[in-house]
Structure formats: C-alpha cells, structure tokens
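Working notes, beginning with the structure itself.
The values are calculated or read from the model by the stated rules, or taken from the named source; none is laboratory data. These numbers come from a predicted model, not from an experiment. Cβ sites come from the backbone with ideal geometry, for glycine too, and all protein chains shown count toward neighbours.
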Amino acid sequence: MRIDGMGRVDRARVLGFTFDGRRYQGFAGDTLASALLGAGVRLMGRSFKYHRPRGPLTAGSAEPNALVTVGRGARAEPNTRATMQELYNGLASVSQNRWPSLALDLLSVNDLAAPFLGAGFYYKTFMWPKAFWEKVYEPVIRRAAGLGALSGQPNPDRYEKAFAFCDVLVIGAGPAGLMAALAAGQAGAQVILCDEDAAPGGRLLAEAEAVDGRPGADWTAAQWEALRAMENVRLMPRTTVTGAYDQGSYGAHERVAQHLADPGAAPVECFWRIAAQRAVLCSGALERPIAFRDNDRPGVMLAGALRGYAHRWGVAPGRRVAVFGNNDDAHRTARDLAAAGLEVVALVDSRHDAENRAGDVPFFPGHVVSRAHGRRGLSAIEIRGADGRRQRVAVEALGVSGGWNPALHLTCHLGARPVWSETLAAFLPRADAVPGLRPAGAVAGALSTTSCLRDGAEAGRAAAADLGFAAVLPAIPEAEDAPGRLRRLWAVPGRGRAWLDFQNDVTVKDVKQAAAENYASVEHMKRYTTQGMATDQGKSSNIGALAILADATGRDIPQTGTTTFRPPYSPVPIAAMGAGAQGQGFAPVRETTSHAQSVAMGAPMVEAGLWYRPSYFPRAGETTWRAACDREVAMVRGAVGICDVSTLGKIELVGPDVGAFLDVVYTNRFSTLKPGRVRYGLMLREDGHVMDDGTTARLEADRWVMTTTTAAAGQVMRHLDWVQQAWAPGMDLRFVSVTERWAQFAVAGPRSRELLNGLLDAPIDDAGFPFMACGPVSVGGVAGRLFRISFSGEHAYEIAVPARFGASLFEALVARAEALGGGAYGMEALNVLRIEKGHVTHAEIHGRVTAFDIGFQRMISPAKECIGKALAARPGLVEESRPQLVGLRPLDGQSPLPAGAHLFAAEGAVTPDTDLGYVTSTGYSPTLGLPLALGFLANGRARHGETVRLIDRLRGAEVACEVTDPVAVDPDGGRLRG
Amino acid sequence: MVELTAQTPWAALLPVTAGATGLSAWDPGPMTALMPYRGRRAALSEAMQAAHGLGFPDPGEVTAAPPLRCLWTGRGQAFLMGGPADPGLSAQAALVDQSDGWVALRLEGETAPEVLARLVPVDLRPAALPEGRTLRTLCGHMTVSITRAPEGLEILAFRSMAGTLVHEIADAMRLVAGRAVLG
C-alpha cells in the first residue's frame, strides 16, 4: 500500500508494469519491489528448497527472497533482485521457482516433506543405488529446487568491459562516502565515487533524521551536485564494487541501462577494472534479522527496510505494523511509521530494561516475537513475555532488527579475517586488510550519522594527503548522534522452524544438526547446510548462523570465526565479464594479404593459430574437398602451384654475431653459411626436445632472416630473446619480427622457374639461383626477396614483397600459374605434399619428441654446443626402443589411415602395454594413388618393410599397414634440383 | 612487365565516426626499426642528431624533427617514421624496414581516451599520457603502440589484425556514444 504524503517517488509520473502477467502501476523512482508493495503485493517469490512463499526482506542489494526474471524471450534476465531493479514503463517481470503459479505452487509439497529434507539430506538419502545419483536423483532434485533459469537463447544485449584509473576510489555514497569524496576531491585528487544504488545517499534516503538542518536526501543531493561540478571527480551510480584485488585493483559492476525499457546503443551492463592508488570503503552496514518460528512470512522484513520503504518510496506491506528488535535503532521504525499515520500495534524489545524511544505506541519490553502466522502473507504475530505468556496480535507487516553487521566483505578479499567487537556485537574490518584501502563510517563500526560524516571526511582527507595532496578536513554538518545500544539476540527459542538463510532455506535447527553431526567448523557447517550460498551469499544470515553454531558447540563467536568472503560482493553476469568475447570477438583474426581473393575464389578458410588460411580452392565440377585437393597436388607435381606462406614467422636478425648466435640456437651450424644461401635448421628446447624447425637465409654478411612455423612464431621470438639475454649477452646482434612486413608466396612445381621468369624484372637460372639460394629480386619495380626452398619436394621458390603489394602479386602469380596448367593450392594440398615428402610439422614435433625420434639425430652437431644438446643426450632419449618417425601405407592399398590411431604388432593382444606407437598425419596421395600416413613406431627405423596393425577404437578402424621410410616421393631429392 | 598495385588492409573499413570520436587511417610513411648495438645508444643518438636532427628516444618517449618522428617501441628499440633512415646509422644500430608491417590509426575527439578505456588496460587520459609520450600495451588481445599526437591518439598495430582492430575500436566508440545519449 502507498502511504499518503511519504516517499520521494515522483507521483506525477505513473509507470505501468507487469508481474506474472498482471498489470500494475508504480511511480518514477520506484524499484520493482517498492512498486509491488505499493500495489499491495507482498508475495514475490518462492524459496529454493521448500518453495515457501516469500516477500522482500530488505530494500537493497542483500535481498535473498524477491528474485524475479525481468524482460522477455532472449532478453530475460533471471535472478534479478526486485529491490534493485528500477521501475520503467512497460517492465515485464515474472516470479521464479514455482509451478504452476506463485500463489499455488504444487512443489510446495517439499515443505510438507521438510522432516526428510533437512541439512545434508541428499548426502544421506540418495546414496544407493550408486548409478541412480547422476541419472535419477540429481536431475529430479535439480528440477524441484532452484532459482531462475536462463532463456537458452543467444543473448542479444550489448555488454561492455572497461578500465578506469584514479587516485582515490570511494566505495559507497552514503554519508561517509560523500564526505570522503568531498575531502579528497577538494584536495585535488582524481576521485571515483561508486555506489550500487541508482541514487546516492545510502541510509540518508531511508531515515527521517536531518543533516545540516535539512532532510538527509536534500543534503545528499546538494553534495552530489557539488561533486558533479568538480572536474577531478567521477561519479558512478548503479556501480557495485564487487572485488578487491592485488595492487589496488578493484572490480566493479555497473548496471548501465538495466533501468531502461530500451538501452538504445548503450551497453546494458559494464564490468570495470579500476586501478586506484588509495581506496576508502564506505559500504555501510547490513541489518540482520532475529530468527523465530516462521519468520519468513511475506510481510516480515528488516526494521530498517520497513522504515526505508516508507521514507524513500512511501510504501508499506500493510496498515497494521509491529516492530521487533533488540536495539534502540528498531524503535525509530515504530516512531516513523506511527508518525506516517500507520497503525503501530506493538513495539517488541527483547531487552527487559529498554526505554521506549518511539513515542505513543504499545511497548513490550522484555518480550519477543515467537511466531508469525499467515501462509502467503503475514496475518498475525505471537508475542511472548519472559513469563512465557503469549498473546496473538493481528498485523500485516513486521519489522525485525537484530542489530547491524558492517558490510566489510571487500576487506576480506585478500585473505584477511575480520575482528569481533564485543561492544558492537559485530565483526569489524581488520586494519590494513587490503593495502591502500581504509574503511570509514558504519563499515568501520561508526554507526551514528555524525560519526559516519566525520569518519568519512577524515578518511578522504587522509587518502589524499597520503598521495601528497594538501588536504583540509571539510566542515562536518550537524546530524543525529545517538549511541547504538543493543543486547544480543540471535534466535527466539521454541518449537518449529526458525529461518536463518532465507535464500537457501536453512533454519536454526539445521545449523544445530550440523553441529550435532560434528560439522562444527563454520566452513563445514556452511557446506553441510548450504547456508550462505547462492546469489545473496548469506549477507543477512552469515553472522546469525555462526552465532547459533558457536552456541551449539560451546565456543564464542571469535573462536568460531566467519566463512571466507570472496569476490564478487554481489552477482556479476558472465556476459559482463566476457563482454565482447562472443563469437569472433573471442580472439583477433589475422588475415593475409591474399585473404579477400582466396574467399572470392570460394576457398573455405581454416584457422591456423589466429591466422585464417585457405584449405582448398574448389573449381567447377569438384564436388568434394578431396577432388580439389587431389587436383592441387597434381598441379604442383606436374606444373606449378601458388600458396600464401606469409603466416610463417619471419624474424630478421642483424649484426656481426648473428652466425654465432644461430649456432647456439640451432642444433646444426649456421656460422658457415654463405651470404645468398639458405639452410634448414632444427631448434631444441632447453630440455632437449624439438621446439621448432624452419629455414634461415643469410641475405647479406650481417643480415639474416629466420622463418618459423606459423604456430610457433611467438614462441620462437620469445625463445630468441631468452637465449640472447641468458646465454649470449656478449654477442652483438639485434632482431625484430618482420612477419607482417612481407607478403610471401610459395611458387612450387616443375614450371615454377618458367613462371617466375615471366614475372621478375630480371630472369634467373639454375646456376645463378640453385637449390637453397636466396637473393634480392625486382618485381615490376618493387624490391622483393626470393628464396629457392621447397616444402613440397618440387623445384620451388618463395617470393616475398612488401605487404602492400601482396594482394596484387598473389593475383598475378595465380593468373600466370593457371596459364601454365597450375593454380593456387591450399592447406589440404600443402599437407598431402609434405606427407608424401616425409616432412614434419607440429603434428610430429608436438613437444614430446626428440631429434633422435624424427631421425635428425645427426643434425645435432657434435662440434659445438647448442641449447638443449646436453639434455637431449640423457639416457632414455636416444634409445632404439623409442617411437621413431616412420611412413605407413595400407596393405590393401586403399583403407584410410586415421590420424590419432594407435599401432600394434601384426599378431597378439591389443592392450595399452602392447601399444607400439601412433599416427600423427594422414592423407590420400594422388601421386602414388594410395593413402599415406606418418607416425611414430617403437624401434620404427629398423622395422621398414614389416607389417603392423593400425587400430582406431574411436572410429572403429583396423588396418594392416606396411612400415616404410617417411619419404614416399622422390627420396633422393632429384626433383628439387636442376 | 607486371604492375603491382599497393593496397591497404582497411580499404572499406575506415573512416568510422560515432558520437564525439572519429577513427581514421594515416600514412606513417617509411618506417624503420632502430636497435642500437651493445653500448652504442649514445653514439646512435648523436648520429641521428647529425643525420636527422632528432635523438634516440628514452623509454616511453617520442622525439621529433618534422616530418620525422622516432617512437620508442620496446627494450632497445625505436621506430623512425616519416622518412627513410640514413644508411650511415647502421654502424651504430641494426636497421630493419618495418614499413607495411603496421597499420596506423588515429582516434580523434575528446572521448577518445574513454573509448580506448574499453580495450586498453592503461590510463590514456592526457594527464597520464601527454603529448610526446608513447607506450606499448594491449588493445583487447592485440599488441599495439599508442602515442598522443596533437590530432588525437595514434595506434600502431599488426597489419594482419587491422580488421579486428577497427571492428573492436568502432564497437567501443558506438557503446560510448550510446552511453552519452543516456546522459
């Protein structure tokens, strides 16, 4: 119901919205929860396990009960706290975890079965038969219990991630935070002020007490405007600082446009990473309930929330209200609601010596509320005196206060434990819990408004002064300064179920049972009862639960300790944390200069690291990739093919000592290489295994260019840096990547020189450009580089031009190749060509093989040292029994040889210990007319000519194979020369 | 004789404008990596002064003698841009041509630092990155060089990633512009 004359909502702006399909009206400034309460709706959700009817417990971010799904279809946002969701016109919301409806939830039979569903019930009940857990019990339990569900459709909303930087981060814009930001801002520091609420002010919006002679909300608005006018202050409302991390970094979650029907082009949410020199934590305190029988009825809420709903939004869950507390603060609720014209029928205070501070209301000192009545909404409470006499009082709303817990969660994110204060009966932040962060105000135990204002101002000033700003303490406005008197009461003893954790349905009895079953550590109790889990992370129940546990185990609260508060403070959607990373946003795309033409030629592109490369170039009439691949292989073997090889890493090394340096990096010798020549090299990791291979060309006496494989380009660059810094600091050379600077194309096949001679400004011949030669060339007046190297095994070249001419050169090369009976070839053909030739790639040099394994032992020069040489000689790394690189062909000449298959002896058992090796690469060789594979086989080099069984359990293949030399085509290399 | 034509990797992608920011390409001209040999930094700087009128930049710095600029780009490495490097410098330093290897973009407008704050984990506001300063950092997952020039923030990135770079910056520009509309 609405309370006349109360609240700061704009009653001139009426907003229509729906809840479970029914239409309601609220006002601008309402939250969904306040609008529903204003419309007379108290029942907003069902509990997780027992499906108990629930209404809002709080008016803020700690809300355990009022979780709803907002929005429709793919844009539906489950588990939205109705207490945080700002109302907008047309907002559509539905309740969760009920069937068929919120009012009539058939799954509330769970509540009747409560005796069997107590703490740890699923550990005990569903033990056997064992196989039933995964297939039967767990799915059934999952369906019966839970919160909201995702739509299952791709999320169409835009999200954002961002970084921010400041001198002083102020977390929370209540009285302490506003003063901290003013003090630091006036000193000249760069300040960021975040508040999770849409409006600044914190408790000042929820109280009647004046600040500086004005209503707290008005004073807040004036300070907010003053801060907005400062250029060095950045205000971030709707932004929850969710985590404190190392080195002054903080995570924050901003609800940018969740309060609008249409976000337009703006992101709906943003996940911030804020780097702050200093931080002032002004997160305030969270009120805690007192547990009593059926204290979860809709209409029972925290006393401060009840008061806040009246002051800020002008709503209450009903006209007849009662208040139950163990402290003076609760009296304000009774006082304010009576002043607002509601019927306050009881102020119940558990302290027998309490004085009535609420004025003319029925006062029950030394009494407790022992039970709430009314299933779908509170209808009455039972008040019990010290003498055990009970009376039943009809009410529609009850405010409960068990005191206040400082919201110190962030101070525990780096591992610090909070400190128990006997005086406040609450945990306080440990000093220096987060380096550079200072708690101020209620979170530091300063519970009156005046002390918050003063503490915040001092903390803001100190933070700025710490950073060298000349900071003055701003004037502290006049405000309420009542001492917060309290006598502990966690739970009202009695029969029935008294709720501690509303979100996870944990009762006082559950915690006691955990203790009885010796789950006496607070961490064990948490896991056994599930107290403190789910979206609210037990903000309203943690302290109560551990106090009950302390009682039950005969320890005091500091001995019992708290569970560990971890980030995030409140839920952060994965969509916000992963903003921009959907689909192709996941990783950058690297495109070669021939990309657009390859795509235009119909080539399907495949990923190679971040690069995209063409897999084949289909021609008319080719219905399968194999047809295109076979044709491209034949083109290269018979005429000439063109392939973009720009993705290979290219590192230019310059200086007098490059040769000596390469001798350290490569297993074989490079210092003897003459200018104008290229050499193949193998490099090892320090542990003696093969890291990468490739060719290095000596362009001039002191200028070299190394090529790496596409996959290992970054790793090799890092490796070179390491070798230079750790092993060759005295050598004079410098190197830098030129991968992106050159577009490079393979021109391969018997007609390759013929093609080039039609293209180069000056023709070449075999004498001037023999196999493994390199040198500068001119193409249409553009200076390029030519290398006579071959991965295909044919007479072949690689030609490089500056990247801006890449597309143009590719076009010219392909056109000329086609005129000579050839054309472009892709990764599939490239792979077949190299398998036919027995060349290795990272399919073979996969990180676990040695030079010995791939038959390159003789490439480790005995005459010099190199990285990895010593460890490559370890016993076990050079044994004949090791799997060695071999070629394989099917005895029947046609069965495919799947990669990943394992090799076994021709006869005998097939078990893990009779495994002789595995297949690494495979393809159909059109040159030989049969499938070929490369693989590793124990003692393989001695087994050429033998028969082994290839077995692929995954694809159900078994093929008898002949073991061969890895080189199947042109073993003497005659085609490379001439 | 074949005629090769030069092409840019951003052909149809640029310029982009959204809200108060504009993203465009610019031509850095010839670009040479200068990497002084052991103990030759000072000698290189002197040789550069003599040949080009600018020195070798300290970490995070840019030296300039229009139309030439020299950008610090990493440990013992700087890029000379805007004209060819004097071959005589090769006595003091390794010289490697980097032209074509990098795309050069410029982000203009007051909210440019706000836009890049969506992608770059370093403070780029004028107080933190004034004119004449440069840094190496990440833009999303891409390694970049960012420099403040009078016209705006200049971004150098690998040529092959130009598409992703433009796409990601343009996305961030649209989100920031979308926020501005919210007020």
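The condition of being under 26 Å from A:Ala208 (Cα atoms) and either part of a strand (DSSP E or B) or assigned by TED's automatic domain parsing to the domain that holds A:Ala276 (or both) does not hold for A:Thr411.
Can you tell me which of A:Tyr666, A:Tyr616, A:Tyr680 is in the same structural domain as A:Ala773 (by TED's automatic domain parsing) and aromatic (Phe, Trp, Tyr)? Result of the check over A:Tyr666, A:Tyr616, A:Tyr680: A:Tyr616.
Within region A:385-394, can one find any residue that is acidic (Asp, Glu) and either within 25 Å of A:Leu286 (Cβ to Cβ) or touching a strand residue (DSSP E or B) at 6+ places or on another chain (Cβ under 9 Å) (or both)? No, that holds for no residue. Summed over region B:12-38, residues that are at negative phi and either part of a loop (DSSP other than H, G, I, E, B) or within 7 Å of chain A (Cβ to nearest Cβ) (or both) total 13.
All conditions but one from (1) of a type outside the set (S, T, N, Q); (2) in contact with a helix residue (DSSP H, G or I) (Cβ under 7 Å, 6 or more places away or on another chain); (3) within 14 Å of chain B (Cβ to nearest Cβ) apply to A:Leu281; the one that does not is (3). Of everything in region B:158-183 that's of a type outside the set (A, V, I, L, M, F, W, C) and closer than 21 Å to A:His259 by Cα, which residue is farthest from the other protein chains (Cβ to nearest Cβ)? Filtering first and then ranking leaves B:Gly183. Quick check, is A:Gln724 in contact with a Leu (Cβ under 8 Å, 6 or more places away or on another chain), more than 10 Å from chain B (Cβ to nearest Cβ) and more than 30 Å from A:Ala812 (Cα to Cα)? Criteria met by A:Gln724. With respect to the conditions (1) without any contact (Cβ under 8 Å) to a residue 40 or more places away in the chain; (2) in a strand (DSSP E or B), A:Cys270 falls short on a single one, namely (1). State whether the residues of region A:575-585 include one that is in contact with a Ser or Thr (Cβ under 9 Å, 6 or more places away or on another chain) and free of Cβ contacts under 8 Å to residues at least 40 places away in the same chain. Yes, region A:575-585 contains a residue that is in contact with a Ser or Thr (Cβ under 9 Å, 6 or more places away or on another chain) and free of Cβ contacts under 8 Å to residues at least 40 places away in the same chain.
Restricting attention to region A:755-813, the residues that are in a helix (DSSP H, G or I), facing another protein chain (nearest Cβ under 10 Å) and touching a Gly at 6+ places or on another chain (Cβ under 9 Å) add up to 5. Elements of the type strands (runs of 3 or more DSSP E) sitting completely within region A:591-694 and holding at least 1 residues that are of a type in the set (Asp, Glu): these cover A:605-608, A:641-644, A:650-654. Considering region B:74-122 alone, what residues qualify as being surrounded by 17 or more Cβ atoms within 10 Å (Cβ to Cβ), more than 9 Å from every other protein chain (Cβ to nearest Cβ) and farther than 30 Å from A:Cys270 by Cβ? Correct list: B:Ala78, B:Phe79, B:Leu80, B:Met81, B:Gly82, B:Ala85, B:Leu89, B:Gln92.
For region A:261-278, filtering for residues that are within 8 Å of chain B (Cβ to nearest Cβ), in contact with a Phe, Trp or Tyr (Cβ under 6 Å, 6 or more places away or on another chain) and closer than 17 Å to A:Asn155 by Cβ leaves 1.
Residues in region A:513-550 that are without any contact (Cβ under 8 Å) to a residue 12 or more places away in the chain and small (Gly, Ala, Ser) were compared, and the one that is surrounded by the most Cβ atoms within 10 Å (Cβ to Cβ) is A:Ala550. Among (1) within 29 Å of A:Ala579 (Cβ to Cβ); (2) in the same structural domain as B:Arg40 (by TED's automatic domain parsing); (3) basic (Lys, Arg), which single condition is B:Arg69 missing? (1) is the only condition that B:Arg69 fails.
Within region A:709-726, at least one residue is assigned to a loop (DSSP other than H, G, I, E, B), small (Gly, Ala, Ser) and at pLDDT below 95. Whenever a residue of region A:849-867 is closer than 17 Å to A:Ala942 by Cβ, its partners that are surrounded by 15 or more Cβ atoms within 10 Å (Cβ to Cβ) and charged (D, E, K, R), lying with C-beta atoms within less than 6 angstrom and at least six residues away or across chains, give the pairs A:Asp853/A:Arg882. Filtering region A:659-696 to residues that are in contact with a Lys or Arg (Cβ under 8 Å, 6 or more places away or on another chain) and either of a type in the set (Phe, Trp, Tyr) or within 14 Å of chain B (Cβ to nearest Cβ) (or both) leaves only A:Phe670.
Among the residues of region A:81-110, the ones that are small (Gly, Ala, Ser) and modelled with pLDDT of 95 or more come to 4 in all.
Can A:Val747 be described as in a strand (DSSP E or B), at pLDDT 95 or above and within 12 Å of chain B (Cβ to nearest Cβ)? If you could, list the steps in order and put the result at the bottom.
Details: in a strand (DSSP E or B): yes; at pLDDT 95 or above: yes; within 12 Å of chain B (Cβ to nearest Cβ): no.
It is false that A:Val747 is in a strand (DSSP E or B), at pLDDT 95 or above and within 12 Å of chain B (Cβ to nearest Cβ).
Residues that are modelled with pLDDT of 95 or more and either within 23 Å of A:Ala339 (Cα to Cα) or charged (D, E, K, R) (or both) within region A:370-382 comprise A:Arg371, A:Leu378, A:Ser379, A:Ala380, A:Ile381, A:Glu382, listed in sequence order. Looking across A:Ala620, A:Ala639, A:Ala634, one residue alone is farther than 24 Å from B:His167 by Cα, without any contact (Cβ under 8 Å) to a residue 12 or more places away in the chain and away from every other protein chain (no Cβ under 14 Å). It is A:Ala620.
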